[in-house]
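Asks: Here's a structure for you.
The values are calculated or read from the model by the stated rules, or taken from the named source; none is laboratory data. Just so we're clear, the structure is a prediction, and the values are computed from it rather than from any experiment. Neighbour counts are summed over all protein chains in view; Cβ atoms, including those assigned to glycine, are modelled from backbone coordinates with ideal geometry. Areas reflect the complete protein model, heavy atoms only, side chains present, ligands, DNA and RNA absent. Shrake-Rupley method; radii C 1.70, N 1.55, O 1.52, S 1.80 Å.
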Amino acid sequence: MEDKEKSLPAIPEEREIVAQKGTVCPNCQVVFNREKVFCPKCGLKAGDEAYLPTDTFISPVERGVAARGAGILPLVSLFLGIFGPLVLGIGWIGAIVLGFMSLSIIRRRGGFARDRRMALWGIGLGFFWPAAISLALLLFSYRLVIQRNISANEASAINQLRNIAVTQRFVKSAFLFDRDGDGESEYAGLSDLAKAGFPYFDPKLASGKKRGYLFRIDRATEEGFLAQAIPSIYGMTGRRTFYIDDIGILRGGDIGGKGILEAEVILPKIFPRPIFEEFDDEIAGDLLQEAKRQARERHFQKAKKILEEIRNNYYLSPASKEVDSVIESITIYMAEDMSKEDYQMAKLLVGEGSYRQALSKLRAIERQFPKSSIIPEVKTKILKVEKRLAESLEEEAKELFARGQSFELEGRYEEALKNYKKIAEELSSTSYFEKVKPLIQRAMKRIEEGRAEALFARLKPLNPEKDWNEILRIISLLQTSYGKTDLVKNQKSRLALLQSKSTGQKYKKKALDEFREGHYQIAIQFIEEALKADATLNEELRKPLQVSHLRLGDSYFSSHNYEKAIAHYEHYLRLEPGGVELDYDKYWEAYYQLGILEYSRGNLGKAKEHLLKVREHFRKRPQLHYFLGSISAKEKNYQEAIGHLQAALRLDQGNKKFLRKIGLCQLAIALRLEEQLFKLLEEGQSFKRGRDFLDAAADMVNGMKAKAVELELRARPRILPGRRELTPEQIRVKRLAPMERKRYLAQERKKSHKLEDNLRKNRSNRVEIVSKMEKIYEKMVEAKRNLRQSGGRGDHLLERIISLSRRKAKLFGQGKEKLELGLSQECFIERRAFSALEESLNAFESRRSISVSEIERIYNSISMAQSRDNLETGEKLLRKAGEIKIPVEVYLSTLD
């Protein structure tokens, strides 16, 4: 201890701090032991009052150290600890090394507490990074293992579903299952597929579980199947759900571990094409082997079904090439068995005496099984049965023929015909077949003639007026059943006449009964049918028909069904009425009401036709003229509408409804004329005709003045300074000057004529514009007056139309005055400009001095500015008036 104290440097007396217990730090006032050279709180070195630390200082272990703290190393350690992996990938190692170095320096030499904290944080973060990276790698490895397991499970599930689909296709094509016994093959469940013994199907799948997936078949019918694979533990054994159906398209996707039926979605395809395409050849080969096995077990029908399935659905496979040969061999075996069975049945029929059926069965054997081993025996049997059958049939035909002859001699033709027909239909192979053909025709003709004679005998005493019903029945029977007999053919015209008279009497009776009951519509129908059948009833039925039409017309008139009333009145008039008179007031009133009805339906053409028809009859009825005016207004023929409405107003003066519609039509005409006016103004392009005309005239006058100077210089070249003698060229130009003056004058005269034409066109256009404005304003004023007189209080739309028309008329009147004044001024400007142009032309022609003073005076006159202002103001006012849209046509369409 004494050696250490001796090695310490000497402290100057003026700056010495007494090193004893109870010494006070001049910076932080902490009392510390005299053995300590540095203040334990602030680190102030004894005698170093100039340096004042800002943090707690840690005393060094070593005494007499000149330097304090670890410097920048703790900060670097902390930096490397924070950004460890980002600094060359191993910055965390530097953080640990520098952190421990910093702690060592602080312990030995002393330092601040914040440096120690930074060093500790640097060390801690340095150790944190390898731990975090290790944990991340561990988690990544775990997820990688899980993912590999899931991928393997999903691949296995896909493969198993493919195997299930292939097995289902085999089971269906091999006709292994038919639960309902209808002869149609069915798809199977997992347990049945396991029993099928197909090599592609894993029998373990019968339990429905394999390698982390649950397998099930939700539908297995004759039409199709649906098989799916669902993860046993979603997220651990698998994520995607897979399914396949009878089409062979394998689909799959992540639906949260649900089945496809629960999710009710369509998943994307795993393979773009059906999986059967790559297995069809193998399936066809297995089916061919199955067909052969069934044939060996003598299940021929089932074997043929399987072979037909190969031919129809696997026609591109190698196995399909063997189908025909296998079918041929099976057919041979089948034919042999079936032919023997049928032959035994035929022998039984022969024993029972049923030669026809036995012969039919034997011939069928010969036709269907020509290669059977029993065919020679069958042919021998056929000859024997044919002989026996022919003998039997000949005896039967002989007996029937004799019986028919006997009946014919007795006059019993119907019984004879039955026997003859039986020979012709059932015994055509006998010798009596040709004998009975003429006998059948003769018997039938005699039977029909006899029946027709009997019917004619019943028809003779009957009268069409009383017995029409029986006559019609007998005639119908003769025409349908005995129309080919000679008697009916000869009496055809008589029968037709008798039928028409009876039909007429039939409908006449019904018509008169209905007429007496007051059922006129039905009576008319029966009368028309009666007249169609027998026109001789016209006079007898005319009056009932007239009365029926008249009564129906009156009935429909009373019920306000004027359309049908007029139809019946017209029918009545076409019948040339005699004793019963039509009330023509009703007739014309019906037409009037029908016109009103068609108007209410919107059929304006028909309404106008009906109303014009009764206009002369009801010429003093104001409503008729009002409706005609309303129709014309709806057709937008407003001038014609005003004519009809004014006629109605003359008959009913002061009628506000008439006044209102007249005013609206006048306003509609004004609006239409206003559209024409604006179109006319747009065609004129602008209101600068006078200015344009003045510019054209000024150009011509200025041009003439320049030309006159040029020609004078040519004609008098000596006036030019320094010129005493004329050159030949100057002489020639001088001679040409008068001719050029004439040509130029003719050219300018043509231009003047064009300007004069423009002057006339502009004047005509102005007259048309002014006339149009006068008509518009006149119609607006009349419309406004009529609408105001028509009242219309409470009708908000009409009040709005009146208000708008008042504003529009006021603006239009102001614009009209301004525009008329501007047009008049413009016309005056044009006339003055043209007069000045004519004077200039005359002066040019007489070689007098040309002056543009008149043109300049026009340019400088105040009238030009006034014209422009009036025109622009008038146009603006008219445009402003045109912007006021009045719903006249809308309101007219709502008025009746």
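Asks: Considering only the other residues whose Cβ falls under 9 Å of the Cβ of Gly629, what net charge follows from Lys and Arg at +1 and Asp and Glu at -1?
Replies: So the environment of Gly629 carries a net charge of 0.
Asks: A further question follows. Could you let me know the centre-to-centre spacing of region 185-249 and region 793-850, using Cα atoms, in angstrom?
Replies: When both Cα centres are located, 96 Å separates them.
Asks: Now, a different point. Tell me the label-point distance for the pair Ser849, Ser392, using the 7 Å Cα-to-Cβ offset, in nm and rounded to one decimal.
Replies: A separation of 15.2 nm, rounded to one decimal place.
Asks: Right, something else. For Phe225, what residues show an amide H to amide H distance below 5 Å, using hydrogens built from the backbone and excluding near sequence neighbours?
Replies: Long-range HN contacts for Phe225: Asp246.
Asks: For the chain, give the magnitude of the charge dipole about the Cα centre (Cβ charges: +1 Lys/Arg, -1 Asp/Glu; no others), in debye to the nearest 20.
Replies: I would put it at about 4280 debye.
Asks: Now for a separate question. So between Lys532 and Glu563, what do we pick up on full extension, going 0.36 nm a residue minus the alpha carbon distance?
Replies: Length difference between fully extended and current span is 8.5 nm.
Asks: Counting DSSP beta bridges in the chain, what percent are antiparallel, to the nearest 5?
Replies: Numbers: 23 of 24 bridges.
DSSP beta bridges in the chain are roughly 95 percent antiparallel.
Asks: Give me the Kirkwood hydrodynamic radius of region 391-455, using the inverse of the mean 1/r over all pairs of distinct Cα atoms, in Å to one decimal. Write out the running numbers ahead of the final one.
Replies: Details: mean 1/r = 0.0842 Å⁻¹.
One over the average 1/r among Cα pairs gives 11.9 Å for region 391-455.
Asks: Towards the positive end of the charge dipole of the chain, with charges on Cβ (+1 Lys, Arg; -1 Asp, Glu), say which of Phe215, Ala833, Met739 has the farthest Cα.
Replies: It is Met739.
Asks: Follow-up. Using amide H atoms built 1.01 Å from N in the peptide plane, name the residues 5+ places from Lys210, or on other chains, whose amide H lies under 5 Å from its own.
Replies: Amide H to amide H, under 5 Å and 5 or more residues apart or across chains, Lys210 pairs with Phe215.
Asks: Any idea which of Ile527, Pro544, Tyr591 is furthest toward the positive side of the dipole for region 492-609, if Lys and Arg beta-carbons carry +1 and Asp and Glu beta-carbons -1?
Replies: Ile527
Asks: If you project the alpha carbons of the chain onto their three principal axes, what span does each projection cover, largest first, in Å?
Replies: 184, 129, 88
Asks: I would also like to ask the following. When the chain is fully extended, how far beyond the present Cα-Cα distance does Glu453 get from Arg143, taking 0.36 nm per residue of separation?
Replies: 100.6 nm
Asks: Which order do you get for Asp692, Asp652, Asp202 if you rank them by accessible area with a 1.4 Å probe, largest at the top?
Replies: Per-residue accessible area, sorted high to low, gives Asp692, Asp652, Asp202.
Asks: What number comes out for accessible area per residue over region 329-411 if the probe is 1.4 Å? Units Å², please.
Replies: Numbers: 5230 Å² over 83 residues.
That works out to 63 Å² for each residue.
Asks: Once the Cβ-Cβ distance between Glu740 and Arg879 is put in as r, and R0 is 41 Å, what FRET efficiency do you end up with, to the nearest 0.05? Intermediate values should be presented prior to the final figure.
Replies: Working: r = 50 Å, r/R0 = 1.23.
About 0.25, to the nearest 0.05.
Asks: Label Lys435 and Ala136 with points 7 Å out from Cα along Cα→Cβ: what is the distance between them in nm?
Replies: 12.0
Asks: Once a ≥ b ≥ c are taken as the square roots of the eigenvalues of the Cα gyration tensor of region 203-260, is the result rounded (a/c under 1.5), prolate (a/b larger than b/c) or oblate (a/b not larger than b/c)?
Replies: Judged from the Cα gyration tensor, region 203-260 comes out oblate (a/c at least 1.5, b/c at or above a/b).
Asks: When all protein chains stay in place, what accessible area (Å², nearest 10, 1.4 Å probe) is found for Phe401?
Replies: Rounded to the nearest 10, the figure is 40 Å².
Asks: Would any residue of region 381-417 have its amide N under 20 Å from a label point 7 Å out along Cα→Cβ of Glu425? List them or say none.
Replies: 393-408, 412-417
Asks: Please compute the volume of the convex hull spanned by the alpha-carbon atoms of region 242-332 and report it per residue in Å³.
Replies: 117
Asks: How far apart, in nanometres, would the label points at Ile731 and Leu895 be if each is projected 7 angstrom from Cα along the Cα-to-Cβ direction?
Replies: Roughly 9.1 nm, to one decimal.
Asks: Hey, another quick one. Based on DSSP, what percent of beta bridges with both residues in region 133-288 are antiparallel, to the nearest 5? Walk me through the intermediate numbers first.
Replies: Working: 18 of 19 bridges.
In region 133-288, approximately 95 percent of DSSP beta bridges are antiparallel ones.
Asks: Let me ask something else about it. Using the Cα centre of the chain as origin and beta-carbon charges of +1 (Lys, Arg) and -1 (Asp, Glu), tell me which of Leu667, Gln499, Ile474 is placed farthest towards the positive end of the dipole.
Replies: After comparing all options, I get Leu667.
Asks: Take the Cβ-Cβ distance between Phe83 and Ala263 as r, set R0 to 41 Å, and report the resulting FRET efficiency rounded to the nearest 0.05.
Replies: The formula returns an efficiency of 0.30 here.
Asks: How would Glu470, Glu414 line up by accessible area, probe 1.4 Å, largest first?
Replies: Result of the area sort, largest leading: Glu414, Glu470.
Asks: My understanding is that a pair violates if its Cα-Cα distance is over 30 Å; which of Lys347/Lys435; Lys586/Lys779; Lys379/Lys418; Lys292/Lys347; Lys772/Lys885 do that in this structure?
Replies: In this structure, Lys347/Lys435; Lys586/Lys779; Lys379/Lys418; Lys292/Lys347 lie more than 30 Å apart at Cα.
Asks: Give the accessible surface of region 98-212 per residue, rounded to a whole number of Å², with probe radius 1.4 Å and ligands, DNA and RNA excluded.
Replies: 52
Asks: Mind grabbing the accessible area of Leu348 for me, 1.4 Å probe, Å², rounded to tens?
Replies: Leu348 has an accessible surface of roughly 120 Å² with all protein chains in place.
Asks: May I pose another question? Can you compute the helix-only [θ] at 222 nm over the chain? Use -39500 (n - 2.57) per DSSP H run of at least 4 residues, normalise by all residues, nearest 500 deg cm²/dmol.
Replies: -23500 deg cm²/dmol
Asks: Only helices at least 27 Å long along their own axis, judged from Cα atoms, and with Kyte-Doolittle mean hydropathy of 0.0 or greater: name those in the chain from DSSP H.
Replies: Those that pass (Cα extent of 27 Å or more, hydropathy at least 0.0) are 113-173, 323-352, 656-683.
Asks: Quick one: how many Å² of Tyr234 are accessible to a 1.4 Å probe, rounded to 10?
Replies: My reading of the accessible area for Tyr234 is about 100 Å².
Asks: Tell me, what is the FRET efficiency for Glu341 and Ala402 to the nearest 0.05, using R0 = 41 angstrom and their Cβ-Cβ distance as r?
Replies: On the way: r = 42 Å, r/R0 = 1.02.
Here the calculated transfer efficiency is 0.45.
Asks: Give the long-range amide H neighbours of Leu250: residues separated by 5 or more places, or on another chain, with amide H under 5 Å away, using H modelled in the peptide plane at 1.01 Å from N.
Replies: The list, which skips near neighbours in sequence, is Ile270, Phe271, Ile275.
Asks: Using alpha-carbon positions, what is the distance between the centroids of region 496-527 and region 477-492, in Å?
Replies: Rounded to whole Å, the Cα centres lie 27 Å apart.
Asks: Regarding region 453-507, what are the three Cα extents along the principal axes, ordered largest first, in Å?
Replies: For region 453-507, the Cα spread along each principal axis is 30, 17, 16 Å.
Asks: How big is the Cα convex hull of region 533-647 in projection, averaged over all directions, in nm²?
Replies: Quarter of the Cα hull surface area: 8.4 nm².
Asks: Something else: For the full complex of protein chains and a 1.4 angstrom probe, list Arg848, Arg689, Arg169 by accessible area with the highest value first.
Replies: Ranked list, largest accessible area first: Arg848, Arg169, Arg689.
Asks: Quick one: with all protein chains in place, what share of the accessible area of region 109-219 is carbon or sulfur, to the nearest percent (1.4 Å probe)?
Replies: Its accessible area is 60 percent carbon and sulfur atoms.
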